[in-house]
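Here's the structure we're looking at; comments come further down.
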Amino acid sequence: KQREPPKFPCDAEIELDRITGLPGHVIDQILSQLPIRDAVRTSALSRKWRYKWAKIPHLVFDNQCVSVPSQDQTLIKNKLVSVVDHVLLLHNGPIHKFKLSHRDLLGVSDIDRWILHLSRGSVKEFVLEIWKGQRYKLPSCLFAFENLIHLELFNCFVNPPPTFKGFRNLKSLDLQHITIFQDVFERLISSCTQLERLTLMNFDGFTHLNINAPNLQFFDIGGIFDDVSFENTHQLTLVSIGLYANVKNGRSLPGSPGKLLRFFANLPHVRRLEVQSYFLKYLAIGIVPSRLPKPCTHLTYLSIRMNFNDLEESFAALCLLRSCPNLLELEMLARPEEQNSWGILKKFWKEDCWNSLFGQLRLVRIVGISGVQSELEFIDFLLSNSPLLEKMTVKPASTDGGWELLKELLRFRRASVLAEIIFMDP
């Protein structure tokens, strides 16, 4: 009988063996980078791979985890629920990150069951984004996550039980399109004593932002509110605030400090500040000093959105600029929709002619201007008082009169011989 030639493993088998022989933590890392659907599919590779996916610590259920060639919302929801149930049932190991974010996800009752299951483990990152339907009311068991470091919620109703004492390890909190009551919000922020990052966008249920967070370093907010104040926030360095409603006839009580002074009282180390939407109008309420009592010596980046024809806003902007002696980068964003509703503000910036006011300023970006006199005077003011300026980028709101605006800018005197003006199309 003729002997059969020895069988040599094919290239595919060799490659498979190479992957199988990798250290366990490397395989876990590879599986964690795959969509959950593909990670589960690796169970078909071989017997050794059958349950490797079941130990991955990061579970992400997003638009990639369910593929249904149908627009039937019920079918998609049922498939998504089936996938999450299947994964959680077979998962065998700690879950450090759980993210649920599917474009067709509704606040279904199954989520309560999943959160209850997760609350018995050691979840460190929890992300829940409900893209459709009403606000999802979070179950009380979510507030029993003892190891939580990052919490991200979208379109949820947040109401912890009275026994909630805070997430003692939480460092990052991201709340968007949420409903939360005033006292609940203040208790949540103050009880998370390790909180370093706070993002708050499009919220309702409260109008006063009282922030008490001793370790807070990053604060990003956008919404409609009446007041904002900081307490015990001396570590805060990056701040971005946008007020989405126009402030009308706002005034401080007689004898009380203006909003600008109150705002900066507990921000001694701010390095980057973005004043967005109508928040400068809020800061202009009450008494605006010529400069802050304590200069913002750490602030190197400043972005301001303003109406250049509004006298009160101009005073507030000037106070900020005077109070930032080490400013390196400045961005000014015009609100062109208001430029014609306040008349024309003339010679406001020409009356201040200090030499080397911006002794460290290197980069300037001006966006959305329409070429009115107050805007041109402000640009002239910057160019005349910035001896180290390297580049000024100007982007008008429209093409109307663009070339004339450029010609006007090029005629301005520059304190810096290196200053370059770049004109961008809108």
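None of the figures in this text is laboratory data; all of them are computed from the coordinates on show. Please read these numbers as outputs of a predicted model, since none were measured by experiment. Positions of Cβ are backbone-derived with ideal geometry, glycine not excepted, and every protein chain shown enters the neighbour counts.
Annotations
- One Cα centroid belongs to the range 132-211, the other to the range 73-96; the line between them spans 25 Å.
- Legend: calculated FRET efficiency, Asn202 to Lys347, from the Cβ-Cβ distance at R0 = 60 Å, rounded to 0.05, equals 0.90.
- Loop-located trypsin sites (Lys or Arg not before Pro) in the range 115-202 (DSSP state not H, G, I, E or B) with no more than 14 neighbouring Cβ atoms inside 10 Å: Arg120, Lys132, Lys165, Arg168.
- ³J(HN,Hα) computed for each position of the range 273-285 - Karplus, 6.51 cos²θ - 1.76 cosθ + 1.60, integer Hz, glycine/proline x: 9, 10, 9, 9, 6, 9, 5, 5, 5, 5, 5, 7, 6
- FRET efficiency for Glu329 and Asp425, using Cβ-Cβ distance with R0 set to 25 Å, rounded to 0.05: 0.70
- Summarising the overall dimensions of the range 208-313 from its C-alpha atoms, the Rg and Dmax are 13.1, 39 angstrom.
- Under the Karplus curve 6.51 cos²θ - 1.76 cosθ + 1.60, θ = phi - 60°, whole-Hz ³J(HN,Hα) for the range 114-121, x wherever Gly or Pro sits: 5, 5, 4, 4, 5, 5, 8, x
- Out-of-range pairs (alpha-carbon distance over 18 Å; input Lys350/Lys391; Lys79/Lys124; Lys248/Lys281; Lys55/Lys124): Lys350/Lys391; Lys79/Lys124
- For the range 143-301, a crude dipole built from +1 on the beta carbon of Lys and Arg and -1 on the beta carbon of Asp and Glu, taken about the Cα centre, is about 580 debye to the nearest 20.
- Dipole moment magnitude, nearest 20 debye, the range 108-199 about Cα centre, only Lys, Arg, Asp, Glu C-beta charged: 140 debye
- With the biggest extent put first, the Cα atoms of the range 255-338 measure 35, 34, 17 Å across the principal axes.
- D (Stokes-Einstein, µm²/s), Kirkwood Cα radius, the range 123-245, 1.306 mPa s at 10 °C: 110 µm²/s
- Taking 7 Å steps out from each Cα toward its Cβ at Glu404 and Val108 produces label points 6.1 nm apart.
- Using the Cβ-Cβ distance between Arg291 and Asp183 with R0 = 30 Å, the FRET efficiency computed as 1/(1 + (r/R0)^6) comes to roughly 0.25.
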